[in-house]
Amino acid sequence: MTTQADTMEKIVALCRRRGFIFGSSEIYGGIGGFWDYGPLGTELKRNIKEAWWFDMVRNPPVGPGGVEFQMVGVDCSIIMNPKVWEASGHVGGFSDPMVDCRHCKGRFRADQLDETPCPMKPSKMVGQSDKCELTEPRAFNLMFQTYVGALQDETSIAYLRPETAQGIFVNFKNVLDTSRVKLPFGIAQMGKSFRNEINPRNYTFRSREFEQYEIEFFCHPSEADMWYEFWRDVRHRWYTDLGLESEKLRLREHVGDELAHYAKSCADVEYDFPFGLSELEGIANRTDFDLKAHIDKSGKDLSYFDDQRKERYVPYVIEPSGGIDRSVLAFITEAYSFDESRASPQFMKFHPRLAPIKAAVFPLVAKDGMPDIAEPMYREIKKRFACQYDPKQSIGKRYARMDEAGTPFCFTIDGQTKEDGTVTVRDRDDASQIRIDKSRCVEYLQDKLGL
Ligand code: ATP
């Protein structure tokens, strides 16, 4: 019987072997909580980011009651004035309660002891072995600290941003003044964030360096509940539209104590990974908490004059905040397929928009004039779709490689091509093969991929 742990192990092995994900600085033994994307992973991640940017920013969904709103982007610096993090509460409060073990010298999150195996005795959880000597919980700030400039003292301390959201809030006025946006509107940003997580784990799921995609959607306070529901549903649907099976995807509303003190409502989009249901994205009604905190700290006016309502107010904010690396992992997990009856049992069933390579072109053998037909075909297809050309190895091995990369279609040029101009098209998902005229490959891909 295949267990969930086996599935995870197979996914990790395939990602390593096929160049989706590598450990960071592997030749030096790696570094916990940091990861690199290889050629296939880079294309996959890029496709996810492009899908998000296109669907949320360039061509955003229409709002409730047919309201069309504007979305614009920003791309802010990772290191910001440290006062930003004082205003946002990260300097004082962005901490997890931690306990240390005097015996093994490990440091663990106090709220996760029940699920963290003891490093000295992994069959038991932390605190359950006779040898564990745990300290009282202490707060540990998750922000990475650095120094700006030549002097390394208290005055030059700065932080690597732990979220992209604050760059949006501090630029709220700049965007208003320069881009003619009117409420309701959203500002989007994607980029790197850093958190000194105590237990980076579950592969790339909890990393110390990761990418986020975040939207701050500004609206009138009286409409915030409506926009919250809108964005919660839009973000949930986005994942299903890109192929995350709806039974594995859950939308969970926070209740009671779980709600952050500044949030009026919040929901998590969770995915059922082999290691359990875990958060991909949170959607929150953050009220006017963030803008007001920056008004107080900076002394600048970040209110908005609504010329339709003839009213000045501090907007409410709906924040859909997701992790790109967690999405990559969810899409990889979902795509991973195993069918013993196939010549190539492992294949990655990526949604066409996300597949790192959309098509491959193979001459059956690298002689008999076949490359002369295959190469121009490849050059034509790659103008429109990410395409690979591979003239080597047995055809079965080449199909297997493309199945593991998640390439939806392979075109093979064989002896018959020279006679009647047709090529074989092989479908990744059911390994079926048909013949089409070689001049129709681009059209065929357009049609089948819907791109
Ligand atoms: P968690 O409870 O899992 O630590 P969080 O609720 O602290 O996450 P947020 O601060 O809401 O996370 O960050 C928004 C999104 O950023 C999360 O939904 C997640 O997708 C992503 N994210 C947060 N921390 C990490 C991390 N350590 N590694 C990868 N992605 C992360």
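The values are calculated or read from the model by the stated rules, or taken from the named source; none is laboratory data. Since this is a predicted model, take the numbers as computed values, not measurements. Note: ideal-geometry Cβ built from the backbone for every residue, glycine included; neighbour counts use all protein chains shown. With ligands, DNA and RNA removed, areas are computed over all heavy atoms of the protein, side chains included. Shrake-Rupley method; radii C 1.70, N 1.55, O 1.52, S 1.80 Å.
Answer yes if at least one residue in the range 114-136 is crowded, with 16+ Cβ neighbours inside 10 Å and within 16 Å of the ligand (Cβ to nearest atom), and no otherwise.
Scanning the range 114-136 turns up at least one residue that is crowded, with 16+ Cβ neighbours inside 10 Å and within 16 Å of the ligand (Cβ to nearest atom).
Just the residues that are open to solvent by 10 Å² or more (accessible area, probe 1.4 Å) and either of a type in the set (S, T, N, Q) or under 20 Å from the mean Cα position of the chain (by Cα) (or both), please, taken from the range 213-233.
SER222, ARG232, ASP233
Is it the case that the range 355-374 has a residue that's closer than 20 Å to LYS448 by Cα, open to solvent by 20 Å² or more (accessible area, probe 1.4 Å) and out of contact with any strand residue (DSSP E or B) (no Cβ under 9 Å at 6 or more places or on another chain)?
No: the range 355-374 contains no residue that is closer than 20 Å to LYS448 by Cα, open to solvent by 20 Å² or more (accessible area, probe 1.4 Å) and out of contact with any strand residue (DSSP E or B) (no Cβ under 9 Å at 6 or more places or on another chain).
In the range 217-243, which residues are within 14 Å of the ligand (Cβ to nearest atom) and under 30 Å from GLY23 (Cβ atoms)?
Residues satisfying the conditions are TRP238, TYR239.
Taking the conditions exactly as written (under 30 Å from THR116 (Cα atoms), surrounded by fewer than 19 Cβ atoms within 10 Å (Cβ to Cβ) and in contact with a helix residue (DSSP H, G or I) (Cβ under 9 Å, 6 or more places away or on another chain)), does SER207 satisfy them or not? Spell out the reasoning first.
Working: under 30 Å from THR116 (Cα atoms): yes; surrounded by fewer than 19 Cβ atoms within 10 Å (Cβ to Cβ): no; in contact with a helix residue (DSSP H, G or I) (Cβ under 9 Å, 6 or more places away or on another chain): yes.
Judged against the criteria, SER207 is not a match.
Test LEU329 against the criterion of being assigned by TED's automatic domain parsing to the domain that holds VAL181 and away from the ligand (no atom under 16 Å from the Cβ), and give yes or no.
Values: assigned by TED's automatic domain parsing to the domain that holds VAL181: yes; away from the ligand (no atom under 16 Å from the Cβ): no.
No: the conditions fail for LEU329.
When you look at LYS367, is it without any contact (Cβ under 8 Å) to a residue 12 or more places away in the chain and either part of a loop (DSSP other than H, G, I, E, B) or over 30 Å from ASP241 (Cα atoms) (or both), yes or no?
Numbers: without any contact (Cβ under 8 Å) to a residue 12 or more places away in the chain: yes; either part of a loop (DSSP other than H, G, I, E, B) or over 30 Å from ASP241 (Cα atoms) (or both): yes.
When the stated conditions are applied, LYS367 passes them.
Go through the range 259-305 residue by residue and tally those that are over 21 Å from the mean Cα position of the chain (by Cα), in a strand (DSSP E or B) and within 12 Å of the ligand (Cβ to nearest atom).
Let us first name the residues in the range 259-305 that are over 21 Å from the mean Cα position of the chain (by Cα), namely 259-265, 285-305.
So of that shortlist, the ones also in a strand (DSSP E or B) come out as 265, 285-287, 304-305.
The next check asks that each one be within 12 Å of the ligand (Cβ to nearest atom); those that pass are 286.
Adding up the residues that qualify gives 1.
Could you look through the range 1-14, keep only residues that are among the hydrophobic types (A, V, I, L, M, F, W, C) and within 19 Å of ASP339 (Cβ to Cβ), and pick out the one that is surrounded by the most Cβ atoms within 10 Å (Cβ to Cβ)? Spell out the reasoning first.
Within the range 1-14, the first condition is being among the hydrophobic types (A, V, I, L, M, F, W, C), and the residues that meet it are 1, 5, 8, 11-14.
Narrowing the set further to residues that are within 19 Å of ASP339 (Cβ to Cβ) leaves 1, 8, 11, 13-14.
On the way: MET1: 3, MET8: 17, ILE11: 22, ALA13: 11, LEU14: 17.
Residue satisfying both the conditions and the ranking: ILE11.
So is GLU214 over 30 Å from ALA5 (Cα atoms) and within 9 Å of the ligand (Cβ to nearest atom) or not? Show your work before the answer.
On the way: over 30 Å from ALA5 (Cα atoms): yes; within 9 Å of the ligand (Cβ to nearest atom): yes.
Yes, satisfied.
Does TYR389 fit the bill of being in contact with a Cys (Cβ under 9 Å, 6 or more places away or on another chain), open to solvent by 40 Å² or more (accessible area, probe 1.4 Å) and away from the ligand (no atom under 16 Å from the Cβ)?
Values: in contact with a Cys (Cβ under 9 Å, 6 or more places away or on another chain): no; open to solvent by 40 Å² or more (accessible area, probe 1.4 Å): yes; away from the ligand (no atom under 16 Å from the Cβ): yes.
In short, no.
Among the residues of the range 390-399, are any closer than 25 Å to ARG46 by Cβ and of a type in the set (D, E, K, R)?
Applying the first criterion (closer than 25 Å to ARG46 by Cβ) to the range 390-399 yields 390, 398-399.
Still in the list and also of a type in the set (D, E, K, R): 390, 398.
Yes, the conditions are met somewhere in the range 390-399.
How many residues are touching a Gly at 6+ places or on another chain (Cβ under 9 Å), basic (Lys, Arg) and free of Cβ contacts under 8 Å to residues at least 12 places away in the same chain when one looks only at the range 1-49?
Final tally of qualifying residues: 1.
Residues of the range 168-222 being polar (S, T, N, Q) and over 18 Å from VAL84 (Cα atoms), which ones?
THR178, SER179, ASN196, ASN199, ASN202, THR204, SER207, GLN212, SER222, listed by residue number.
Collect the residues in the range 392-441 that are open to solvent by 40 Å² or more (accessible area, probe 1.4 Å), in a helix (DSSP H, G or I) and hydrophobic (A, V, I, L, M, F, W, C), keeping them in residue-number order.
Scanning the range 392-441 gives a single hit, ILE395.
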